[in-house]
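Asks: Handing you a structure now.
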Amino acid sequence: MITFPEYERARLGTTTIGCQEVAVYCFDQSVEILIERDSMARDEAEEWIAFNAIDTMTGGPIFVFPHVPT
């Protein structure tokens with residue numbers, strides 16, 4: 001199972017996709033980690049995760065977006 005140790009604080013657990021167990025991370029908490037650790041602006045951190053972690057990782061960890069009531 002592929003994990004991102006630097007985002008351990010944002011890890012929610014695991015899930016199974018097909019026959020493969022994958023790590024699950026909270027997108028918002030992962031953004032906060034980049035803001036704190038790398039002094040990124042929020043939009044920069046969101047774009048970094050979207051491009052480097054979500055778009056490129058087939059079979060890797062997944063990020064979930066918290067539900068915001070409307």
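Asks: Do any residues in segment 21-39 that are of a type in the set (Val, Ile, Thr) have Cβ atoms under 8 Å from those of residues that are open to solvent by 60 Å² or more (accessible area, probe 1.4 Å) and part of a helix (DSSP H, G or I), where the two are at least six apart or on different chains, and which pairs are they?
Replies: VAL31/ARG42; VAL31/GLU46; ILE33/GLU6; ILE33/ARG9; ILE35/ARG42
Asks: May I ask you to list the residues in segment 22-52 that are farther than 15 Å from PHE65 by Cα, surrounded by 12 or more Cβ atoms within 10 Å (Cβ to Cβ) and of a type in the set (Asp, Glu)?
Replies: Once the filter is applied, which keeps residues that are farther than 15 Å from PHE65 by Cα, surrounded by 12 or more Cβ atoms within 10 Å (Cβ to Cβ) and of a type in the set (Asp, Glu), segment 22-52 yields only GLU44.
The values are calculated or read from the model by the stated rules, or taken from the named source; none is laboratory data. Being a predicted model, the structure only gives us computed values, none of them experimental. Cβ: placed from backbone, ideal geometry, glycine included. Neighbour counts: every protein chain shown. For the accessible areas, the whole protein counts, side chains as well, though only heavy atoms, and no ligand, DNA or RNA atoms are used. Shrake-Rupley method; radii C 1.70, N 1.55, O 1.52, S 1.80 Å.
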